[in-house]
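**Q** Pasting a structure here, questions to come.
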Amino acid sequence: METKKGYQLPELPYGYKDLAPFISEEQLTLHHQKHHQAYVNGANALLDKLEKARTDGSDPDMKALLKELSFNIGGHVLHTMFWGNLAPAGNGDNKPTGTLAKAIDGEFGTFDRFQKEFTQAAVSVEGSGWAALSYCRLTGRTLIMQIEKHNINVYPMFAILMVVDVWEHAYYLDYKNLRAKFIDAFWNLANWAEVEKRFKGL
Ligand code: MN
């Protein structure tokens, strides 16, 4: 039988030290090599389990398996997006430009208002999760999505343009339990050129 493709941990587009002081080398290394890797491994193990069941004709607990698969694939995809929408501080604009800036202003009124709403969404995620800037293909509007865990409250089929990870594992070494301080730091690292590229690529 042909070997089917699994998931792989992507390389970071910068070095582990490059996001300091906003994200320390130790924090970024653990986050990428341990936490993100765990979702890659988890998703691949579940795909193997499905494959094995097809081979031996057994029936896995589909409800439990698919719930776990959604969690692990969500974790992998969101972390991959997150690394891409971060960049070392001072590399580029600290605000969106061009068509993305127009879209954000059109939806939120001003960039400051967007930043305020996004920060509030990120700070208030219940438990572990993400804040995302997303795009609705039906209306052409940019909307904030607040994701719990890696997969709950997702708007289906919306394109995700930018995410911030607010699981404690993203910031506990640098900021302890102070999520709001981590969000402040995040704004120094937002890679607007990449977010605009995603927006233009829709
Ligand atoms: Mn994470």
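**Q** Which order do the peptides 102-114, 154-166 take when ranked by the mean count of other beta-carbon atoms within 10 Å per residue, highest first?
**A** Per-residue Cβ counts within 10 Å, averaged per peptide and sorted highest first, yield 154-166, 102-114.
**Q** Taking amide H positions as placed 1.01 Å from N in the peptide plane, with prolines and chain starts having none, which residues 5 or more places from residue 159, or on another chain, fall under 5 Å of its amide H?
**A** Amide H to amide H, under 5 Å and 5 or more residues apart or across chains, residue 159 pairs with 135, 137.
**Q** Once you have the alpha carbon radius of gyration of segment 1-58, what is it after dividing by 2.2 N^0.38 Å, with N set to its residue count?
**A** So segment 1-58 has a normalised radius of gyration of 1.59.
**Q** Per-residue HN-Hα couplings for segment 25-40, Karplus 6.51 cos²θ - 1.76 cosθ + 1.60 at θ = phi - 60°, whole Hz, x for Gly and Pro?
**A** Result, rounded to whole Hz: 4, 5, 5, 5, 5, 4, 4, 6, 7, 9, 6, 5, 4, 5, 6, 4.
**Q** Let me ask something additional. Suppose we take every Cα in segment 98-200 and form the convex hull; what volume per residue is that in Å³?
**A** 94
**Q** Ratio of the chain's C-alpha Rg to 2.2 N^0.38 Å, to two decimals?
**A** 1.08
**Q** Something else about it: Which entries of 17/102; 63/149; 149/181; 17/49; 4/197 have Cα-Cα distances beyond 26 Å here?
**A** Pairs exceeding the cut-off: 17/102; 17/49; 4/197.
**Q** Do the sum for the chain: with -39,500 (n - 2.57) for every DSSP H run of n ≥ 4, divided by all residues, what is the mean residue ellipticity at 222 nm, to the nearest 500 deg cm²/dmol?
**A** -14500 deg cm²/dmol, from helical runs alone.
**Q** When only Cα pairs under 8 Å and 6 or more residues apart are kept, what is the percent relative contact order across segment 25-84?
**A** After rounding, I find 47 percent.
**Q** Next question, about the same structure. Over the alpha-carbon set of segment 51-132, work out the extent along each principal axis and list the three values in angstrom, largest first.
**A** On the principal axes, segment 51-132 reaches 56, 27, 22 Å in Cα extent.
**Q** For the peptides 20-26, 135-141, what is the packing order when you average, over each peptide's residues, the other Cβ atoms within 10 Å and list the highest mean first?
**A** For the peptides 20-26, 135-141, the packing ranking is 20-26, 135-141.
**Q** Placing unit charges on C-beta atoms (Lys and Arg positive, Asp and Glu negative, everything else neutral), compute the dipole magnitude of segment 98-200 about its Cα centre in debye, rounded to 20.
**A** Rounded to the nearest 20 debye, it is 260 debye.
**Q** Just to be sure I understand: with springs between alpha-carbon atoms less than 10 Å apart, which residue in 98, 129, 42 has the highest mean-square fluctuation in the Gaussian network model of the chain?
**A** Ranking 98, 129, 42 by mean-square fluctuation puts 98 first.
**Q** Measuring from the lowest to the highest alpha carbon on each principal axis, how far does segment 25-84 reach, largest first, in angstroms?
**A** 46, 16, 15
**Q** Using alpha-carbon pairs under 8 Å, 6+ residues apart, how would you state the relative contact order of segment 67-202 in percent?
**A** 32
Each reported figure results from applying straightforward, stated rules to the coordinates on display, with no laboratory input. Treat the numbers as computed from the prediction; the structure is a model and nothing was measured. Quick reminder, even Gly has a Cβ in these numbers, built from the backbone with ideal geometry, and neighbours come from all protein chains shown.
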